[in-house]
Amino acid sequence: MTRRICIAPSILSADFARLGEQVQEAEKAGADFIHIDVMDGHFVPNITVGPLVVNAVRGVTDLPIFVHLMIEEPDRYLEAFAQAGASGLCVHWETCTHLHRTIQYISSLGVMAGVALNPATPADLLREILSYLDLVLVMTVNPGFGGQEFIASMLGKIELVRQMITELQPACMLEVDGGINTETAPEVVTAGANVLVVGHAVFGHEEGVEAAIRSLRECTSGLG
Ligand code: DX5
Ligand code: ZN
């Protein structure tokens, strides 16, 4: 049996002047989730959006919204993002000293809880927290910008995380984020990913969002 592959367009590469329309195009094209990248200019060298934009996106789509928090001290903002309409909140392992407490807090807000790992952060560090998680996000680029090149050595890490998930928390989703396109999607799915965050290859696709999502589905069909 093959695993169902979910596609989560990242609005980072969308046209922000017509964000609502772009989100609706993605929904119509069969996207599974909307991925919103929150950056604070400290944890990553870029600044993006906050709860106001999450709430605006909430108003235009029925899809689950996953918020990827690339911010220091994420605990300070978790409630605000949950209230804004996030369906899931993903914090970076590197930003949480008391990760177990943070994850419990996210779950207590009634939303899905995820942990993201930077490329240099080892998969093994998930072992003690995995059974509390709904989602693991393996970064396949260094976080901060869209349109970067996929780091091929992350494939081994995706395999390791998939093994741990199978052993400890089978319902947990394994998401990858960064440099995913029709060349890399088959590789990450074969390695064990089941949620693909895609920014540039969806919103920057020359034939449009619908064609982009269709080609991602085609290239991963029957894999995983
Ligand atoms: C990068 C973000 C990604 C980004 C991915 O820090 O976390 O979600 O939008 O963009 P692409 O798919 O263009 O690499
Ligand atoms: Zn992201």
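Accessible area of Glu79, 1.4 Å probe, to the nearest 10 Å²?
Approximately 90 Å² for this residue.
Provide Rg and Dmax in Å for the chain, with only Cα atoms included in the calculation.
15.9, 45
Sort the following peptides by mean Cβ neighbour count (other Cβ atoms within 10 Å, averaged over residues), highest first: 64-73, 107-116.
Listed from highest to lowest mean packing, they are 64-73, 107-116.
So for the chain: antiparallel DSSP bridges make up what percent, rounded to the nearest 5?
About 5 percent, rounded to the nearest 5.
Using only helices, what value at 222 nm comes out for the chain when you add -39,500 (n - 2.57) per DSSP H run of length 4 or more and divide by the total residues, to the nearest 500 deg cm²/dmol?
Working: 8 runs with 74 residues, N = 224.
Helix contribution divided over all residues of the chain: -9500 deg cm²/dmol.
State whether the stretch 21-107 is rounded, prolate or oblate according to the following rule on the C-alpha gyration tensor (a ≥ b ≥ c being the square roots of its eigenvalues): a/c under 1.5 gives rounded; otherwise a/b larger than b/c gives prolate, and the remaining case gives oblate.
In terms of gyration-tensor shape, prolate.
Per 0.36 nm of contour for each residue apart, how much would the distance between Glu94 and Glu167 grow if the chain were fully extended, relative to their Cα-Cα spacing?
Value of the extension gain: 23.9 nm.
Of the listed peptides 162-169, 132-139, what is their order by residue-averaged count of other C-beta atoms within 10 Å, with the highest listed first? Walk me through the intermediate numbers first.
Numbers: 162-169: 15.6, 132-139: 23.1.
Going by the mean number of other Cβ atoms within 10 Å, highest first, we get 132-139, 162-169.
Hey, got the Cα dimensions of the stretch 176-224 along the principal axes, in Å, largest first?
That gives 28, 20, 15 Å along the principal axes, largest extent first.
Dipole of the stretch 147-224, Cα-centred, from +1 at each Lys and Arg C-beta and -1 at each Asp and Glu C-beta, to the nearest 20 debye? Numbers along the way, then the final one.
Values: 4 positive and 11 negative charges, 46 e Å.
The calculation lands at about 220 debye.
What's the magnitude of the charge dipole for the stretch 9-112 around its Cα centre, counting Lys and Arg as +1 and Asp and Glu as -1 at the beta-carbon? Answer in Debye, nearest 20.
Roughly 160 debye for the stretch 9-112.
The values are calculated or read from the model by the stated rules, or taken from the named source; none is laboratory data. Model, not experiment: these values are computed from the prediction. Counting neighbours? That spans all protein chains shown, and the Cβs are built from the backbone with ideal geometry, glycine included. Side chains included, ligands, DNA and RNA excluded: accessible areas come from the protein's heavy atoms. Shrake-Rupley method; radii C 1.70, N 1.55, O 1.52, S 1.80 Å.
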